[in-house]
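Everything below concerns the one structure shown next.
The values are calculated or read from the model by the stated rules, or taken from the named source; none is laboratory data. Note that the structure is a prediction, hence the values are computed from the model and not measured. Positions of Cβ are backbone-derived with ideal geometry, glycine not excepted, and every protein chain shown enters the neighbour counts. What goes into the accessible areas is simple: the full protein's heavy atoms, side chains included, and nothing from ligands, DNA or RNA. Shrake-Rupley method; radii C 1.70, N 1.55, O 1.52, S 1.80 Å.
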Amino acid sequence: QVQLVESGGGLVQPGGSLRLSCKAPRTILSVFNTWNMGWFRQAPGKQRELVASITTSRREDYIDSVKGRFTISRDNSRKTVYLQMNSLKPEDTAVYYCNNIAKPWDWGQGTQVTVSA
């Protein structure tokens, strides 16, 4: 079973910032650097969606609603993927997950992000 571990979520006011982290488990440390990775989110009553992705060559891609506000990055030496989220909006409220974007492994617990005044 392969599950990544997400962290960094919390309650933040509109306009605030959070930085999410996603650490690869031991079972995939040796291959982590070969996978294109993404951050996904799932809001209540909605399907999980891919929010941002980063390739092995560090090319980034974002959905329109987060462009200019979110930044995805990866540290291959630490086997970690990050999501810097700025100017947060209430509609960003969701559980955030990371996974590879080609053939997702088992989903982790995710980290809750709540944007509310």
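Could you grab me the full set of residues in segment 42-55 that are within 13 Å of Y96 (Cβ to Cβ) and either in a helix (DSSP H, G or I) or hydrophobic (A, V, I, L, M, F, W, C) (or both)? Correct list: A43, L50, V51, A52. Tell me, please, whether a residue that is out of contact with any Lys or Arg (no Cβ under 7 Å at 6 or more places or on another chain), acidic (D, E) and open to solvent by 80 Å² or more (accessible area, probe 1.4 Å) can be found in segment 46-60. Within segment 46-60 (the criterion being out of contact with any Lys or Arg (no Cβ under 7 Å at 6 or more places or on another chain), acidic (D, E) and open to solvent by 80 Å² or more (accessible area, probe 1.4 Å)), the answer is yes, since at least one residue qualifies.
Selection over segment 92-110 of residues that are in contact with a strand residue (DSSP E or B) (Cβ under 8 Å, 6 or more places away or on another chain) and either loosely packed, with under 13 Cβ neighbours inside 10 Å or among the acidic types (D, E) (or both) gives a count of 3.
Count, please, the residues in segment 1-23 that happen to be open to solvent by 40 Å² or more (accessible area, probe 1.4 Å) and assigned to a loop (DSSP other than H, G, I, E, B).
Taking segment 1-23 first, the residues open to solvent by 40 Å² or more (accessible area, probe 1.4 Å) are 1, 3, 5, 7, 11, 13-15, 17, 19, 23.
Now narrow it down to the ones that are assigned to a loop (DSSP other than H, G, I, E, B): 1, 13-15, 17.
Final tally of qualifying residues: 5.
Restricting attention to segment 66-90, the residues being out of contact with any helix residue (DSSP H, G or I) (no Cβ under 8 Å at 6 or more places or on another chain) and either closer than 14 Å to V113 by Cα or touching a residue at least 60 places away in the same chain (Cβ under 8 Å) (or both) number 10. Checked against (1) among the aromatic types (F, W, Y); (2) within 18 Å of K23 (Cβ to Cβ); (3) crowded, with 20+ Cβ neighbours inside 10 Å, F70 meets all criteria but (2). Within segment 10-68, if we keep just the residues that are of a type in the set (K, R) and farther than 13 Å from Y82 by Cα, the residue that is modelled with the lowest pLDDT turns out to be R26.
Is it fair to say V12 is touching a helix residue (DSSP H, G or I) at 6+ places or on another chain (Cβ under 8 Å) and within 28 Å of P90 (Cα to Cα)?
Values: touching a helix residue (DSSP H, G or I) at 6+ places or on another chain (Cβ under 8 Å): no; within 28 Å of P90 (Cα to Cα): yes.
No; evaluated as a whole, the condition is false for this residue.
Any residue in segment 24-41 that is open to solvent by 30 Å² or more (accessible area, probe 1.4 Å), part of a strand (DSSP E or B) and of a type outside the set (S, T, Y)? No, because not a single residue in segment 24-41 is open to solvent by 30 Å² or more (accessible area, probe 1.4 Å), part of a strand (DSSP E or B) and of a type outside the set (S, T, Y). Residue pairs whose Cβ atoms lie under 6 Å apart, separated by 6 or more positions or on different chains, with the first residue in segment 91-111 and under 17 Å from L29 (Cα atoms) and the second open to solvent by less than 10 Å² (accessible area, probe 1.4 Å) and outside any strand (DSSP E or B), are C98/L4; G108/L4. With the requirement that a residue be among the hydrophobic types (A, V, I, L, M, F, W, C), assigned to a strand (DSSP E or B) and more than 10 Å from the chain's Cα centre (by Cα), what does segment 86-117 give you? Within segment 86-117, A94, V113, V115 qualify.
Of all residues in segment 17-61 being small (G, A, S) and touching a residue at least 40 places away in the same chain (Cβ under 8 Å), which is nearest to D106 (Cα to Cα)?
A24
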